[in-house]
Amino acid sequence: MAEAIARAYGIDASSAGTVPAPAVNPIVVQLLRERGLSVPSKPKILTAQMIQEADCVVTMGCNVESVCPATLISEMQKRLVDWHIDDPKEKSVEEVRKIMSQIESKVLGLTTKS
């Protein structure tokens with residue numbers, strides 16, 4: 001969701017996870033399509049190259065320290081932001097709509113800080 005929303009606002013963004021799901025959440029797909037936003041083909045795994053090339057690394061509230069190698073964590077520290085947003089996994093459509101709204105608000109906050 002974050003990548004699709006960011007790109008809709010003209011922000012060059014990549015979304016990836018430390019332990020990505022095998023497929024994009026069907027409710028997320030539904031809501032992205034409702035808004036006419038790009039739907040990723042499948043979740044991507046976070047790479048060291050993504051972190052090195054990023055101006056800012058955003059986490060949604062996960063504990064990256066428990067799954068990322070220390071070298072990646074040290075790379076992220078200089079530009080790591082945690083949005084503290086719930087994972088849409090196993091949430092209802094309405095709950096995922098709220099999560100999407102939170103993400104959009106945070107993305108818009110990034111555009112005002114540029």
query = In segment 41-56, how many are more than 12 Å from the chain's Cα centre (by Cα) and surrounded by 15 or more Cβ atoms within 10 Å (Cβ to Cβ)?
reply = 3
note = Output for Cβ contacts, cut-off 9 Å, separation at least six or different chains, first residue within 16 Å of GLU53 (Cβ to Cβ) and in contact (Cβ under 8 Å) with a residue 40 or more places away in the chain in segment 1-23, second exposed (fewer than 12 other Cβ atoms within 10 Å of the Cβ) and of a type in the set (Gly, Ala, Ser), reads ILE11/SER114
ask   = Out of all the residues in segment 81-96, which are over 13 Å from ASN25 (Cα atoms), surrounded by 15 or more Cβ atoms within 10 Å (Cβ to Cβ) and of a type outside the set (Val, Ile, Thr)?
value = TRP83
task = Output the residues belonging to segment 1-33 that are in a helix (DSSP H, G or I) and closer than 16 Å to PRO88 by Cβ.
result = ALA2, GLU3, ALA4, ILE5, PRO26, ILE27, VAL28, VAL29, GLN30, LEU31, LEU32, ARG33
Complete set of residues in segment 12-36 that are among the aliphatic types (A, V, I, L, M), surrounded by fewer than 16 Cβ atoms within 10 Å (Cβ to Cβ) and under 19 Å from SER101 (Cβ atoms) = VAL29
request  = Scan segment 80-114 for residues that are basic (Lys, Arg), over 13 Å from the mean Cα position of the chain (by Cα) and part of a helix (DSSP H, G or I) and jot them down.
outcome  = ARG97, LYS98, LYS113
request  = Please work out which residue is nearest to ALA23 (Cα to Cα), limiting yourself to segment 36-60 and to residues that are in a loop (DSSP other than H, G, I, E, B) and of a type in the set (Gly, Ala, Ser).
outcome  = SER41
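This table checks each residue for (1) modelled with pLDDT of 90 or more; (2) more than 20 Å from LYS106 (Cα to Cα); (3) over 11 Å from the mean Cα position of the chain (by Cα).
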| position | (1), (2), (3) |
| --- | --- |
| MET1 | yes, no, no |
| ASP12 | yes, no, yes |
| VAL39 | no, no, yes |
| VAL58 | no, no, no |
| ILE73 | no, yes, yes |
| LYS78 | no, no, yes |
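The values are calculated or read from the model by the stated rules, or taken from the named source; none is laboratory data. On a predicted model such as this, the values are computed, not experimentally measured, just so you know. Counting neighbours? That spans all protein chains shown, and the Cβs are built from the backbone with ideal geometry, glycine included.
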